[in-house]
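Enquirer: One structure follows; several queries about it will come next.
Just so it is clear, none of the values below were taken in a lab; they were calculated from the coordinates. The structure presented is a predicted model; accordingly, all values stated were derived computationally and were not measured.
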Amino acid sequence: MKFELTVESRDGGGKGPARQLRRAGRVPAVLYGQGECLLLSVKPEELVKILRSQAGSTALISLTINGAKSKPNRTALLRDFQVDPIAGSVLHADFFEVAMDKPIRVKVPIHLTGGQPIGLKEGGVLHQALRELHVECLPSVLPDFIAVDASQLQINEGIHLKDIAKTEGLRFLDDPEHMVVSVAAPMTDAKLESLLATGAAGAEGAKEPEVAAKGKAAAEGAAGAEAGKAGDAKAGAAAPKAGAAPAKKEAEKKK
């Protein structure tokens, strides 16, 4: 999908000029790539139109730059953007300029087609492991999305990246063994109860060492206290004997 967008060149950078642009009803933007960086401003409604399209970040944008000192017409991708978390308005946009004769690397979303898989009708569970693919191609053959027909998948079947038919001029950069989508068998009540029981047992087992350690520490403390009492008792018993010897000698002198 291709869009046409007219933007304005601007001179001032930084937070101050950016705030002024937003108050004037414009969105600050930047165009980089191909060895240069340009400061731009764009109408928010035109930018939102691109963001809401199916293509999104893979849409080629024909930029017409009013006030440009050179090359007023360029081709770019919307590489990044910032949104106000409260108001929801677009705060900033980054455009990446591309050359039509040079390959680019981008992430393209995966769309499941063909309707509901057979396995889901039999009670299976659909798992989509990959939501987007990293691809390399010329800008002219960049797809809006990668279509994957999962309608014939039965339970315990899946589609790997290597199983997806490639468009001419398009190269997948991800691992070909990656699972893209699969249909898993439904979990039975018995298996669910077994997993819950195993998890509960594991949680109890994890607590036991702490309880045992506390019990051991308490036992060692009690043993230490008993040893201390025994030592005090022996010291107390030995003290009178030590004091009895002088008394006996005093009695012998009197005799």
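Enquirer: If I take every Cα pair under 8 Å that is 6 or more residues apart in the stretch 57-125, average their sequence separation and divide by the length, what percent do I get for the relative contact order?
Expert: Normalised by residue count, the contact order of the stretch 57-125 is 23 percent.
Enquirer: Considering Cα pairs under 8 angstrom that are at least six residues apart, work out the relative contact order of the stretch 1-118 and quote it in whole percent.
Expert: Computed over the stretch 1-118, the figure is 27 percent.
Enquirer: What are the extents of the Cα atoms of the stretch 61-107 along their three principal axes, in Å, largest first?
Expert: Principal extents (Cα only, largest first): 40, 31, 12 Å.
Enquirer: Give the long-range amide H neighbours of V98: residues separated by 5 or more places, or on another chain, with amide H under 5 Å away, using H modelled in the peptide plane at 1.01 Å from N.
Expert: T75, A76, L77
Enquirer: Another question about this same structure. Give the relative contact order (percent, whole number) for the stretch 43-188; include only Cα pairs under 8 Å separated by 6+ residues.
Expert: The normalised contact order for the stretch 43-188 reaches 21 percent.
Enquirer: While we're on this one: Report, by chain and number, residues whose modeled amide H sits under 5 Å from the one on H160, excluding near sequence neighbours (fewer than 5 apart, same chain).
Expert: Those lying under 5 Å, H to H, from H160 are V180.
Enquirer: Using θ = phi - 60° and the Karplus curve 6.51 cos²θ - 1.76 cosθ + 1.60, what whole-Hz ³J(HN,Hα) does each residue of the stretch 17-34 get, with Gly and Pro shown as x?
Expert: Each residue of the stretch 17-34 in turn: x, 5, 5, 4, 4, 5, 5, 7, x, 10, 10, x, 8, 9, 10, 10, x, 6 Hz.
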